[in-house]
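The structure appears below as structure tokens.
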Amino acid sequence: MAMKSRVASLLSKTKSSKVSIKQSTLDELRSEKEELEAKLDKLQEECASYQKAAEEARAARSKAEEASQLAKESQAKAEEEMQKAVEERTKAYQEKEEAQRVAEERTEEAKEHARAAEASAAAALEAQEKERQALEARMATEQLADEEKKRRESAEQAKLSIEQELEEKLAEAVNARAAAEAARDTAFKDAGNATLSREEAERYAKQERDAREATEEMLREAEMVMETSIRDAQMALEQKEESLMLLSQMKQAKLDAESDAAFERDAREKAEVDMRLAQVISEKLANEIQELVQEKESLLTTMQASEQTLARVQEDLFRIQSQVAENTEAKDNAEMGLRESERRVEELTVLVQEWRERAEDARSMKEDFERALEKSRDAQYDAQKQAEEFRKAKDKAEAEKRAISAKEEAERSARKAVEAFDEAQKKWRQGIQPMTSPSEGQVDSLRKARQFREGAFHVAVAGLTGTGKSSLINALMGIVNGTPEAVPTGTQFTKTVGRYIDARRNYPHIWYDVPGAGTLTAPSWNYFNDQGLFVFDAIIVAWDNRFSDVDIAVLENCVRMKIPAFIVRTKSDAHISNIEDRMREVVEADPTLTNKDRKAKYSVIPFSARAEYISETRQSVELCLHNANLPSMKVYLVSNKTITKIIQGDKNMRNVRVIDEFDLLNDIWALRRATVRGGAGIPRMQHMRSNTAPVM
């Protein structure tokens with residue numbers, strides 16, 4: 001038992017000694033950590049102080065550069081003022097000579113006008129003896145009077161322009177004088193600012209010398225680095241406050257301060273991260289003595305890094321000293337610039353005095369010009385007096401001329417009336433009735449007879465017989481010819497206006513199949529009025545082989561009554577096929593072609609035939625519209641089969657040759673929407689091509 005108790009006591013002593021050793025080691029490490037943290041804080045403070053000193057040096061340098069720039073600007077401004085004064089004097093002298101020359105010319109012209117007026121008056125008196133000679137004299141007198149009026153107006157305008165230019169020159173002279181005085185005041189003000197800048201530069205130089213002495217003292221006394229750093233930091237803070245008060249309006253200084261603050265925050269955050277990391281490492285070292293030893297080694301490494309940081313700070317200090325030397329040189333340059341600006345101010349004062357003398361010369365030139373202008377006014381008064389006498393003779397001649405003109409106008413009116421009567425008789429013999437507008441009662445009654453429906457879009461398909469109007473209506477409704485619901489086709493079926501309601505949803509169209517013109521039931525000469533085409537919302541003029549006079553007459557009435565119209569050429573696929581056959585026959589009949597050439601020509605025939613058909617059709621319609629004095633309109637070249645496939649939504653459209661089918665459907669849809677939303681907004685007689693409207 002004694003041995004056991006002894007062993008237990010030894011174990012307890014060993015354990016307590018181990019705990020004490022561990023605790024002592026932890027205390028030593030904590031103390032070393034605190035010392036290192038204190039050194040790190042001091043190093044950070046030193047870095048901040050060095051950065052502040054560098055910032056102040058940069059600010060002083062920028063201020064010296066600004067002073068130098070102000071001096072250069074003052075010099076440039078003085079040179080510009082001198083050049084401007086020289087140019088103004090030269091310009092005033094030239095204007096004086098020009099004004100004298102113009103006054104002499106106006107005086108000579110006034111004399112010439114007076115002599116011309118006397119000659120014209122004598123010619124007018126002599127013209128009274130003979131009627132034929134009097135008429136010629138009146139014409140000559142009127143022409144001379146117009147020329148005299150123009151010359152008098154030009155003389156007055158010249159006088160006004162000269163007076164206006166003179167007033168402008170006087171105003172410019174006054175403004176130039178004010179500008180010169182302002183420039184002188186500015187120069188004096190710049191000189192005062194330059195003096196203040198020199199004093200500020202000296203004060204900053206003194207502050208820089210104090211900072212340099214403080215840093216040298218810090219280098220000489222290595223043991224008092226921390227205390228010296230604290231004093232330098234306090235001095236730097238005071239200098240920073242003064243710099244902020246003086247340079248608060250400088251944007252660059254503000255940006256530098258924000259950058260330094262961000263750098264300081266980053267350093268502080270990094271230090272906090274390092275501290276937290278050191279604390280975590282210390283807690284881990286508490287587990288084993290070996291880990292404590294490793295932590296101590298890591299702290300020693302951190303100390304070495306801090307010493308390296310101190311070395312870098314010393315290098316920054318040497319760099320700051322070199323910048324201070326550069327700032328001293330900048331200060332010397334600023335003083336030289338100040339002396340140069342003072343010299344320029346003296347030169348500017350001399351220039352201002354010289355400009356005043358030039359202004360006196362300008363005033364004397366103005367007086368000379370006013371005297372010349374007075375002479376010109378006297379000559380003009382004499383010319384006006386002579387022109388008044390001439391005007392009396394002219395009035396008498398004009399009265400006789402008006403009587404002759406009235407007689408000629410009456411004769412022209414009589415001739416026009418006779419020509420209109422002859423034209424009316426000619427049209428009556430040809431069976432062309434005069435254009436008349438239906439009354440509102442006729443329109444309303446015909447709408448009721450045609451069963452017009454509110455909110456629907458009523459479209460008439462008109463044209464010569466045999467142009468495929470019924471087939472076109474079937475295609476527009478998506479119906480194949482010959483089916484039970486299709487519109488009957490053929491000239492023997494369409495004898496009255498047929499009404500067909502579009503059965504598709506969301507398409508409130510009502511199509512009207514108008515009998516073809518040129519039949520017994522629909523003669524050509526009164527086709528538009530007899531078929532009541534004036535009541536429809538839109539009219540489709542369908543044609544096949546020939547664009548006829550009936551089509552032109554329908555379009556003329558559409559233009560007159562502002563009804564939208566579509567020119568549609570049907571059976572385009574058949575026409576293109578006929579052109580292709582003709583081109584193939586030409587290629588086959590050419591003996592000079594080889595098989596390869598003939599094959600190449602065959603391959604381009606479909607494209608050539610299509611292009612030829614489109615070009616010839618558009619040109620012929622454009623020529624017909626031009627000859628009839630109608631506006632240009634789009635011509636829609638369509639195939640009824642293609643329209644039917646589009647309406648039915650046929651997906652096999654790859655080999656289908658589409659020309660204007662989509663455009664026709666889109667434009668009819670767009671017109672229908674415009675009509676439903678407000679009839680006043682319908683675009684009439686225009687090419688209503690839409691790339692965004694949905695296809696019917």
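Only the coordinates and a few stated rules stand behind these numbers; no lab work does. Quick caveat, the model's predicted, so the values are computed rather than measured. FYI the Cβ positions are ideal-geometry reconstructions off the backbone, even for glycines, and counts take in every protein chain you see.
The table that follows gives values for the structure above.
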read-out: In sequence order, calculated HN-Hα J values of region 583-591 (Karplus, 6.51, -1.76, 1.60; Hz; x Gly/Pro); value: 5, 5, 4, 5, 5, 5, 7, 8, x
read-out: Environment charge at D530 (Cβ cut-off 14 Å; Lys +1, Arg +1, Asp -1, Glu -1); value: +2
read-out: Amide H contacts under 5 Å for F457, placed H, 5+ residues apart; value: H509, I510
read-out: Which of W511, W669 has the fewest Cβ neighbours within 10 Å, and the rest in rising order; value: W669, W511
read-out: Region 449-681 - share of DSSP beta bridges that are antiparallel (%, nearest 5); value: 20
read-out: Order of T570, T617 - criterion: other Cβ atoms within 10 Å of each residue's Cβ, fewest first; value: T617, T570
read-out: Diffusion constant of region 449-681 at 10 °C, which comes from Stokes-Einstein with the Kirkwood Cα-pair radius and 1.306 mPa s, µm²/s; value: 83
read-out: Ranked list, fewest to most other Cβ atoms within 10 Å of each Cβ, for C624, C558; value: C624, C558
read-out: Nonlocal Lys pairs with alpha-carbon distance under 19 Å, region 449-681 (8 or more apart, or different chains); value: 10
